[in-house]
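Visitor: Below you'll find the structure I mean.
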Amino acid sequence: MSKANNPLSNPTAWSPDTQLVHGGSMRSEFNETSEALFLSSGYSYPTSDHAERLFKGEIPGAHNYSRFANPTVDMFQNRMALLEGAEAARGFASGMAAVTNAVMSQVRAGDHIVASRALFGGCRFVIEDFMPRWGVSSTLVDGRDPENFARAMQPNTKVVFIETPTNPTLELVDIKAVADIAHAHGAVLIVDNVFATALWQKPLLLGADLVTYSATKHIDGQGRVLGGIVLGSKTLIEGDVHTFLRQTGATLSAFNAWVLVKGLETLPLRVRQMTDSAAKVADALAGHPKVEKVIYPHHPSHPQYDLAKAQMVRGSTLLAFEVKGGQEAAFTLSDSLAVILISNNLGDAKSIITHPRTTTHQRLTEDVRLETGVTPGLLRLSVGLEASDDLIADLMYGLDQV
Ligand SMILES: *Cc1c(COP(=O)(O)O)cnc(C)c1O
């Protein structure tokens, strides 16, 4: 009879689509329908005693400074936590701020990190270059075989960091197998889940301890703001992760959080449509005589197809393909496209083509690039919301020019 007895009063009973529209909403005294944007750096207190208790942490959910607590950011964190099935989450200024925080909050000088070598450029830099400057050594391994992680573990390994599928060659790492290895050595597993999205892969359910996203990608999905988020258990998030955020300040702005909260409302619609199109584009490119190979996790030609089917609900909104004729062919193709943009963002409403060798992976040596499959003819395609027929026609025209 009453709303309180309705089983749907509990947001954890909602389907993801519903969680992403209503989850985490907090209404002010005005009962606004759309989430409010609290552009306020600070908060005032009714009494000195209240302030004292608040600073002692005795008033749960209270806000005292927007570096580490803001109602709009809370709504974003809580909505994402519902979707991910996480106990808690913290927003960050960017995906790199989120990854750096997740990693640094778990280690100290003398510790060791094991990571897969096929990583987003910034993540690889943090683990390979920055961490050793502060006395944290790291080993990068070929992530396709879990045994490589087992072999690289040391008594002082505190973090295992992976990205799956990887950027840009969509290699997979077996999350469950690597989680078991990490835990057997007392290390935490951190998974950068950007390429799969929270809809198609649930690292926490497979044993990960922390999951990170660049919210700049599918979560905004419309190329407007930067943001990041780390999700996991209350213990890790409200402990190390929160402390690191609070004291170092790579804070997600309330404005960006508000854009991201609104982005979450349409995330399933966008990601579903983009995934449908990505699968169609992969099929269209697969048999083309000028295409050496197509890499798409849910395409039967993917070398880890069985793992992709087991670990991912669907196959990502991104694909990679190699044109015959190397860099010159890749440039000719990209330069003849009329709809797809040449850029380096991903997960956007607008389809984006990237030549990793000369842009995102330019910093690496040719040997390291080839080791991770970044060949001269490789192109990464982030499939957007345009009609898939137009995207395929655009690519076919491009291939004709090669
Ligand atoms: C973009 C990206 C990041 C970094 O996110 P920013 O928001 O650009 O800082 C980290 N990991 C992956 C896999 C990404 O695609």
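The values are calculated or read from the model by the stated rules, or taken from the named source; none is laboratory data. Note that the coordinates shown come from a computational prediction; the quantities given were computed from them, not determined experimentally. Please note: Cβ atoms are built from the backbone with ideal geometry, for glycine as well, and neighbour counts cover all protein chains shown.
Visitor: Identify all residues within region 199-222 that are among the basic types (Lys, Arg) and either at positive phi or within 12 Å of the ligand (Cβ to nearest atom) (or both); write none if there are none. Break it down stepwise before answering.
Guide: Here is the first cut: in region 199-222, the residues among the basic types (Lys, Arg) are 202, 217.
If the condition is that a residue be among the basic types (Lys, Arg) and either at positive phi or within 12 Å of the ligand (Cβ to nearest atom) (or both), then Lys217 is the only one that fits.
Visitor: Taking region 371-392, which residues are surrounded by 14 or more Cβ atoms within 10 Å (Cβ to Cβ) and aliphatic (A, V, I, L, M)?
Guide: Residues satisfying the conditions are Val374, Leu378, Leu379, Leu381, Val383, Leu385, Leu391, Ile392.
Visitor: Can you name every residue in region 30-44 that is more than 15 Å from Phe68 (Cα to Cα) and either exposed (fewer than 10 other Cβ atoms within 10 Å of the Cβ) or in contact (Cβ under 8 Å) with a residue 12 or more places away in the chain (or both)?
Guide: If we filter region 30-44 for residues that are more than 15 Å from Phe68 (Cα to Cα), which is where we start, we get 30-37, 44.
Passing the criteria: Phe30, Asn31, Thr33, Ser34, Glu35, Ala36, Leu37, Ser44.
Visitor: Looking at region 173-188, is at least one residue out of contact with any strand residue (DSSP E or B) (no Cβ under 7 Å at 6 or more places or on another chain), within 30 Å of Tyr296 (Cα to Cα), within 11 Å of the ligand (Cβ to nearest atom) and not hydrophobic (A, V, I, L, M, F, W, C)?
Guide: No: region 173-188 contains no residue that is out of contact with any strand residue (DSSP E or B) (no Cβ under 7 Å at 6 or more places or on another chain), within 30 Å of Tyr296 (Cα to Cα), within 11 Å of the ligand (Cβ to nearest atom) and not hydrophobic (A, V, I, L, M, F, W, C).
Visitor: Determine, yes or no, whether Asn70 is more than 16 Å from the ligand (Cβ to nearest atom), under 15 Å from Ala254 (Cβ atoms) and crowded, with 19+ Cβ neighbours inside 10 Å. Please lay out each step first, then the result.
Guide: Working: more than 16 Å from the ligand (Cβ to nearest atom): yes; under 15 Å from Ala254 (Cβ atoms): yes; crowded, with 19+ Cβ neighbours inside 10 Å: yes.
The answer is yes for Asn70.
Visitor: Follow-up question, since we're still on this one. Sort out which residues of region 77-97 are within 16 Å of the ligand (Cβ to nearest atom), in a loop (DSSP other than H, G, I, E, B) and either of a type outside the set (A, V, I, L, M) or within 20 Å of Leu140 (Cα to Cα) (or both), and write them in order of number.
Guide: Ser94
Visitor: Looking at region 194-208, I want the residues that are surrounded by 24 or more Cβ atoms within 10 Å (Cβ to Cβ) and have a partner that is of a type in the set (Phe, Trp, Tyr) with Cβ atoms under 6 Å, at least 6 apart or on another chain. Which pairs are those?
Guide: Val194/Tyr213
Visitor: Of all residues in region 209-257 being small (Gly, Ala, Ser) and assigned to a loop (DSSP other than H, G, I, E, B), which is surrounded by the fewest Cβ atoms within 10 Å (Cβ to Cβ)?
Guide: Within region 209-257, the match that is surrounded by the fewest Cβ atoms within 10 Å (Cβ to Cβ) is Gly249.
Okay, residues lined up against (1) more than 22 Å from the chain's Cα centre (by Cα); (2) acidic (Asp, Glu); (3) modelled with pLDDT of 95 or more:
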| position | (1), (2), (3) |
| --- | --- |
| Glu328 | yes, yes, yes |
| Asp335 | yes, yes, yes |
| Gly347 | no, no, yes |
| Leu379 | no, no, yes |
| Met396 | yes, no, yes |
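Visitor: Of (1) modelled with pLDDT of 95 or more; (2) within 16 Å of the ligand (Cβ to nearest atom), Arg124 satisfies all except one. Which?
Guide: (1) is the only condition that Arg124 fails.
Visitor: Go through region 266-297 and count every residue that is of a type outside the set (Ser, Thr, Tyr), within 19 Å of the chain's Cα centre (by Cα) and over 26 Å from Glu328 (Cα atoms).
Guide: Within region 266-297, residues that are of a type outside the set (Ser, Thr, Tyr), within 19 Å of the chain's Cα centre (by Cα) and over 26 Å from Glu328 (Cα atoms) number 9.
Visitor: Taking Arg246, is it out of contact with any Phe, Trp or Tyr (no Cβ under 6 Å at 6 or more places or on another chain) and closer than 18 Å to Phe76 by Cβ? Don't jump to the end; show me each part of the working.
Guide: Working: out of contact with any Phe, Trp or Tyr (no Cβ under 6 Å at 6 or more places or on another chain): no; closer than 18 Å to Phe76 by Cβ: yes.
Taking the combined requirement at face value, the residue does not satisfy it.
Visitor: Then there is this: Please count how many residues of region 304-334 are touching a residue at least 40 places away in the same chain (Cβ under 8 Å) and farther than 17 Å from Thr275 by Cβ.
Guide: Going through region 304-334, the residues touching a residue at least 40 places away in the same chain (Cβ under 8 Å) turn out to be 304, 307-308, 311-327, 329-330, 332-334.
Restricting the remaining residues to those that are farther than 17 Å from Thr275 by Cβ gives 304, 307, 322-327, 329-330, 332-334.
Qualifying residue count, region 304-334: 13.
Visitor: Please count how many residues of region 1-20 are loosely packed, with under 10 Cβ neighbours inside 10 Å and either within 23 Å of Lys262 (Cβ to Cβ) or polar (S, T, N, Q) (or both).
Guide: Residues of region 1-20 that are loosely packed, with under 10 Cβ neighbours inside 10 Å, as a first pass: 1-5, 7, 10, 12, 15.
Still in the list and also either within 23 Å of Lys262 (Cβ to Cβ) or polar (S, T, N, Q) (or both): 2, 5, 10, 12, 15.
Count: 5.
Visitor: Which residues, taken from region 20-34, are under 19 Å from Asn10 (Cα atoms) and either touching a Pro at 6+ places or on another chain (Cβ under 9 Å) or outside the structural domain of Asp74 (by TED's automatic domain parsing) (or both)?
Guide: Leu20, His22, Gly23, Gly24, Met26
Visitor: Still on this structure, I have one more. Hey, any hits in region 141-155 for a residue that's within 16 Å of the ligand (Cβ to nearest atom), of a type in the set (A, V, I, L, M, F, W, C) and either within 22 Å of the chain's Cα centre (by Cα) or surrounded by fewer than 18 Cβ atoms within 10 Å (Cβ to Cβ) (or both)? First the steps, then the outcome.
Guide: Taking region 141-155 first, the residues within 16 Å of the ligand (Cβ to nearest atom) are 143.
Pick out the ones that are also of a type in the set (A, V, I, L, M, F, W, C) and you get none.
No, every residue in region 141-155 fails to be within 16 Å of the ligand (Cβ to nearest atom), of a type in the set (A, V, I, L, M, F, W, C) and either within 22 Å of the chain's Cα centre (by Cα) or surrounded by fewer than 18 Cβ atoms within 10 Å (Cβ to Cβ) (or both).
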